[in-house]
1. ALA106 - would you say it is assigned by TED's automatic domain parsing to the domain that holds SER311, at pLDDT 95 or above, outside any strand (DSSP E or B) and not aromatic (Phe, Trp, Tyr)?
2. Among what's in the range 79-118 and is free of Cβ contacts under 8 Å to residues at least 40 places away in the same chain and basic (Lys, Arg), pick the residue that is nearest to LEU203 (Cα to Cα).
3. Any residue in the range 375-396 that's assigned by TED's automatic domain parsing to the domain that holds ASP232 and free of Cβ contacts under 8 Å to residues at least 24 places away in the same chain: show its pairings with residues that are surrounded by 15 or more Cβ atoms within 10 Å (Cβ to Cβ) and part of a loop (DSSP other than H, G, I, E, B) at Cβ separation under 7 Å, as long as the two are six or more apart or on different chains.
4. If I go through the range 61-80 residue by residue, how many of them are more than 16 Å from GLY94 (Cα to Cα) and surrounded by 14 or more Cβ atoms within 10 Å (Cβ to Cβ)?
5. Can you name every residue in the range 1-47 that is outside any strand (DSSP E or B), among the charged types (D, E, K, R) and out of contact with any Leu (no Cβ under 7 Å at 6 or more places or on another chain)?
Amino acid sequence: MGVGLIGLGTVGSVVAARLIGSWELLTTRAGATPVLRRVAVRDPGKPRDVDLRSVPLCDDPFAVVDDPSVSIVVEVMGGMDAAAAAVERALQAGKTVVTANKALIARAGPRLWTLAESRGAGLWFEAAAGAGLPIVAVLRDSLRADSVNSLDAVINTTTNVVLTRMRNTGERLDEALLDAQRRGFAEADPSSDLDGWDAAYKLVILAWLATGAPAAVDSVDRRGVRDIDRIDMAYTGQLGYSVKLLAHAEIRQQPGGLHLRVRPTAVPEGHPCFDADDSDNAVIITSDLAGTVVLRGVGGGGASTASAVLSDIVAAVRARARQPGPPHTQPRQLLSDEEVEVAGYLRLIVDDSADARALVLQALEDRGVPVIEAVDKPPLDGPFPQLIVLTGAAPRAVHDRALETLDTLSSVRQIAVSLDRVEPR
């Protein structure tokens, strides 16, 4: 079966090399030989690490899509508009598409999958959600008879590498980011990762597969990691937590409701995400029949992502005309901040007056936010002491109103940090 490749960057180069150099292995696994027929790149004259002497190169993705010898189009170019146009054209032509494009699937997945089904094509996107973690296959195939109740995931490798280094070395975020870029785990422009967009795309895809409910990316309660201070990495560690950019889906069956969030979160020791460090990712699924399912492994990088792309190519060859059907699409109401409960970690700069601590704790309790623990810390920058407060579960809106109250107290100089917190079991 002819394969056309759009994009020959870090991921595409590994995919091309495996298709060319390990065709016998892939033939054994797929039952037929996937043959690389054509590749589209931005600059066909640029030197390549992979030997493509027998494969035509061009600078037009549509030339790959329209090639009659190509029946599987692999899109690893990234971006939205050009990638979307190529993918739609391939599906319209009845060709199967394999893509690693998380933004495209998050924003247009249900529509593209419906198009694929109508044209007798296939749409495969394991690499768009968890790279080498086979989370799409688990949700789409292995748990197809389960009702999924929640998802928790560390699924952005860049932020995980950065936060792990901050915790281990005491470096600032900008220093840890430079190290991640040197190691190849962060792009030159890491905004999508640091601001939580990458994790939000993946969470939307996972929630769609788990529930059949398409959600807008903008509906994700999203906060990135740019404001994470190394002092909070140290303080949470002393209290038995590690800070992760945690993607969470809360799924209510009766009545149907959905809440999606991506936020820096203090995760307790013993939680499956607690020690998912550096380039490791972790996904925890809870369902009514299977209980708790944990997947963990390298979630980023060219080799891991290429593994998922190649797995999808093999699956597409094996499937032939038996493509996986789309999940049943059904609307779910988004849960409001009054319905979603969170626990928290607060670091406050307070007056050195005798009653400052008591006033803070009383204000939280009066506003309906339970106080689990309060720890005094010495001044950091300036004369005023710090107060660490772990709050118990309360609706998000209640927490937000309590923070507004704290901000009006004369004894509170600054709300330095507010993080979500997973309560220990």
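1. It is true that ALA106 is assigned by TED's automatic domain parsing to the domain that holds SER311, at pLDDT 95 or above, outside any strand (DSSP E or B) and not aromatic (Phe, Trp, Tyr).
2. ARG111
3. Once the first residue is assigned by TED's automatic domain parsing to the domain that holds ASP232 and free of Cβ contacts under 8 Å to residues at least 24 places away in the same chain and sits in the range 375-396, no partner that is surrounded by 15 or more Cβ atoms within 10 Å (Cβ to Cβ) and part of a loop (DSSP other than H, G, I, E, B) comes close enough.
4. So the answer is 4.
5. Matches in the range 1-47: GLU24, ARG29, ARG42, ASP43, LYS46.
Conditions tested, residue by residue: (1) touching a Pro at 6+ places or on another chain (Cβ under 8 Å); (2) buried (at least 22 other Cβ atoms within 10 Å of the Cβ); (3) in a loop (DSSP other than H, G, I, E, B).
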site	(1), (2), (3)
ASP141	yes, no, no
ARG144	no, no, yes
ALA153	no, yes, no
VAL162	no, yes, no
GLU171	no, no, yes
ALA176	no, yes, no
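Here is a yes/no grid of residues against (1) within 20 Å of PRO268 (Cβ to Cβ); (2) out of contact with any strand residue (DSSP E or B) (no Cβ under 9 Å at 6 or more places or on another chain); (3) buried (at least 22 other Cβ atoms within 10 Å of the Cβ):
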residue	(1), (2), (3)
PRO190	no, yes, no
ASP195	no, no, no
ASP218	no, yes, no
VAL243	yes, no, yes
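The values are calculated or read from the model by the stated rules, or taken from the named source; none is laboratory data. Predicted model only: the values in this text are computed from it and were never measured. Please note: Cβ atoms are built from the backbone with ideal geometry, for glycine as well, and neighbour counts cover all protein chains shown.
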